[in-house]
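Take a look at the structure set out below.
The values are calculated or read from the model by the stated rules, or taken from the named source; none is laboratory data. Treat the numbers as computed from the prediction; the structure is a model and nothing was measured. All Cβ positions, glycine included, derive from the backbone under ideal geometry; neighbour counts span all protein chains shown. For accessibility, only protein heavy atoms count, side chains too; no ligands or nucleic acids. Shrake-Rupley method; radii C 1.70, N 1.55, O 1.52, S 1.80 Å.
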Amino acid sequence: MSRQRQAVSVAFLAFGAVSGSWVPRLPALKDHLHLSDAQVGYALVLFAVGAVIGATLARLVLGQGSKGWVRAGTVAICVALLGPGIAGSFLQLLAAALLLGGSAGFIDVLENAQAAELEREVGRPLINGFHGFWSLGAILGSVGAGIAAFAGLAPLPQFAIAATIAALASAPFLRDLPDTRSGADRVTPSATGRLWLHGSVVAVGAIAFAGILVEGGTADWSALYLREFSHANAGVAAGGFAAFALAATVVRFRADLLTARTNPATVARLGGLIAALGLSLALAVPALPVAIIGFALVGMGTAVLMPLAFSAGANLGSSGTPLTIVLASAYAGSIAGPALIGTAADRFGLRVALTILVAAAIVVTALAGNLKAARPTPAPSRR
């Protein structure tokens with residue numbers, strides 16, 4: 001692995017570790033601040049809103065070179081991780097979630113732009129592997145959060161430990177990050193202003209929106225589904241999410257090989273079909289262990305959707321605007337998803353509500369052909 005690839009991998013790993021460190025502590029934050037479920041939901045919405053704002057700001061700095069901004073952004077998100085632990089009221093938690101989300105959206109755009117730049121330099125897919133490191137980091141962060149919760153450690157010291165480790169351990173590697181400027185040499189100036197309006201950008205944004213509905217919906221509701229319909233205890237119910245997350249991580253580390261032998265459209269189409277199959281299996285046969293196998297299949301299918309959509313966005317234009325639109329679409333899906341599924345579950349029951357995710361997976365399958373237009377190609381020589 002080249003030093004630049006290693007640096008981008010570590011950046012994704014640190015980002016994932018921070019992301020995985022705070023969500024598992026929401027129950028502790030809820031108890032400490034005496035929040036309702038609705039208030040916790042509002043905090044998550046503010047996180048997603050902040051991510052959209054951060055992604056938009058990242059678009060403005062891409063042309064200046066991303067290396068310094070990713071290094072600064074990694075420190076910023078580590079510092080922002082302390083916010084939810086410091087919050088002493090609901091309003092302070094909302095502000096902390098907004099800041100943490102803004103930091104996440106900011107480096108999300110920059111790191112994916114760097115990943116796409118390295119793909120163009122070598123002329124082959126790399127994006128899923130980078131997202132595999134994000135998933136690995138998220139697992140490590142969530143395991144650390146779980147250990148802290150089991151030991152009775154308050155969120156703030158756990159966040160401080162996680163932030164310190166992520167910042168210090170990643171710093172030596174981040175010096176080797178590529179200083180991509182969103183591939184500004186790939187298109188002519190006359191084309192730059194029109195590319196973000198191209199229909200493919202809208203289609204890839206729709207893939208990101210629908211894909212995050214499936215991914216986030218499964219992550220959010222699998223444990224509750226297994227508890228209610230499989231009559232599993234809390235430990236076994238958590239196994240649904242564990243199977244989903246582990247399957248996604250393993251697939252991400254291997255999916256680039258399949259993409260190189262076929263194309264992004266084929267892999268995304270296959271991912272959508274597998275996700276739809278897994279959800280259909282879990283909904284049709286809620287009995288254990290069939291339902292857990294179904295959720296593992298969803299993890300396998302959704303693993304490739306976000307990485308391929310982000311790579312496509314980065315390759316649809318030179319200004320960074322298409323990538324920002326795709327990322328913003330994904331975060332918009334993370335805002336809409338909980339409200340959509342929660343409302344449907346209240347009206348029709350959770351089992352019926354989760355069929356929305358099946359429909360979203362089918363939408364991804366139908367739109368996957370638009371990813372062919374954005375396959376990475378080798379960048380021109382800079383000698």
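Here is how the numbers come out for the structure above:
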item	result
Qualifying residue in region 39-47 (condition: touching a residue at least 12 places away in the same chain (Cβ under 8 Å), at positive phi, out of contact with any helix residue (DSSP H, G or I) (no Cβ under 6 Å at 6 or more places or on another chain) and not charged (D, E, K, R))	no
Pick from region 279-294, criterion part of a helix (DSSP H, G or I) and among the β-branched types (Val, Ile, Thr), ranking: farthest from His231 (Cα to Cα)	Ile293
Test: residue in region 113-131 that is over 18 Å from the mean Cα position of the chain (by Cα), over 22 Å from Leu177 (Cβ atoms) and acidic (Asp, Glu)	no
Leu136 vs. criteria under 19 Å from the mean Cα position of the chain (by Cα), surrounded by fewer than 24 Cβ atoms within 10 Å (Cβ to Cβ) and assigned to a helix (DSSP H, G or I)	yes
Every residue from region 295-354 that is in a loop (DSSP other than H, G, I, E, B) and closer than 17 Å to Phe12 by Cβ	Ala303, Val304
Total residues in region 89-143, condition of a type in the set (Gly, Ala, Ser), modelled with pLDDT of 95 or more and more than 19 Å from Val45 (Cα to Cα)	2
Single residue of region 1-60 satisfying the filter (open to solvent by 60 Å² or more (accessible area, probe 1.4 Å) and aliphatic (A, V, I, L, M)) that is farthest from Val79 (Cα to Cα)	Met1
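Let's see how each residue does on (1) within 16 Å of the chain's Cα centre (by Cα); (2) more than 21 Å from Pro286 (Cβ to Cβ); (3) open to solvent by 60 Å² or more (accessible area, probe 1.4 Å); (4) in contact (Cβ under 8 Å) with a residue 24 or more places away in the chain:
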residue	(1), (2), (3), (4)
Trp221	no, no, no, yes
Glu228	no, no, yes, yes
His231	no, no, yes, no
Gly240	no, no, no, yes
Leu246	yes, no, yes, yes
Val251	yes, yes, no, yes
Leu258	no, yes, yes, no
